[in-house]
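Bear in mind these aren't lab numbers, they're just calculated from the coordinates by the rules spelled out. Note that the structure is predicted; figures quoted are calculated from it, not measured. For neighbour counting, all protein chains shown are included, and Cβ atoms are generated from backbone atoms with ideal geometry for every residue, glycine included.
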């Protein structure tokens with residue numbers, strides 16, 4: 001469906017990435033340097049505006065186990081968010097996603113090299129990740145349990161509204177249709 005002025009209603013307006021650092025893998029000084037030196041210090045665009053933050057988590061969310069919720073939120077310490085908005089009101093730059101991912105990849109690689117699993121935050125999910133990586137980052141070991149719950153509560157896939165949604169059993173066709181629509 002198009003807007004009255006002919007524009008695409010599904011046009012990308014921004015791109016967002018997030019990672020969660022847990023108490024069992026605290027952020028090291030070297031990892032923090034890699035993050036800052038490859039994001040804010042290397043962002044050189046005038047067609048996008050950058051935004052990012054690091055949020056220190058405290059309280060009970062830090063003390064729960066992953067299996068206590070649907071998401072792998074146990075032991076959360078830092079929420080790291082890195083995103084960009086377009087400057088031009090007509091469209092997001094065609095290379096914007098690749099550019100932003102490229103800035104974050106050295107930090108992700110530094111975490112992987114240190115044996116830190118990549119965890120995301122569901123409210124700031126990277127829309128460009130494939131479904132299997134979303135499952136790993138957001139749900140971790142809970143994913144199979146959530147698929148069983150989905151099968152019981154939503155067997156017809158009514159709440160399967162995007163390619164990253166937990167699929168209903170036998171409804172991969174819904175996900176494939178959504179992926180083709182994008």
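If the segment from residue 113 to residue 131 were pulled out straight at 0.36 nm per residue, it would be longer than the present Cα-Cα gap by 4.2 nm. Stokes-Einstein diffusion for the stretch 49-165, with the hydrodynamic radius set to the Kirkwood value over Cα pairs and evaluated at 4 °C in a medium of 1.567 mPa s, equals 80 µm²/s. Here the calculated FRET efficiency for residue 44 and residue 123, from their Cβ-Cβ distance with R0 = 45 Å, stands at 0.95, rounded to the nearest 0.05.
Sticking with the crude label model, points 7 Å out along Cα→Cβ, report the distance from residue 53 to residue 158 in nm, one decimal please. Reported label-point gap for residue 53 and residue 158 is 3.6 nm. One chain, two ends: residue 65 and residue 85. Fully extended at 0.36 nm per residue, the span grows by 3.8 nm beyond their Cα-Cα distance. Size descriptor for the stretch 15-64, Kirkwood hydrodynamic radius: 13.1 Å (Cα pairs only, one decimal).
Extension gain for residue 146 to residue 29 (0.36 nm times residue separation, less C-alpha to C-alpha distance): 38.6 nm. Judged by the mean number of other Cβ atoms found within 10 Å, the most tightly packed of the peptides 21-31, 129-139 leads the ranking 129-139, 21-31.
Note on residue 101 and residue 37: with the Förster distance fixed at 22 Å, the Cβ-Cβ geometry gives a FRET efficiency of about 0.85.
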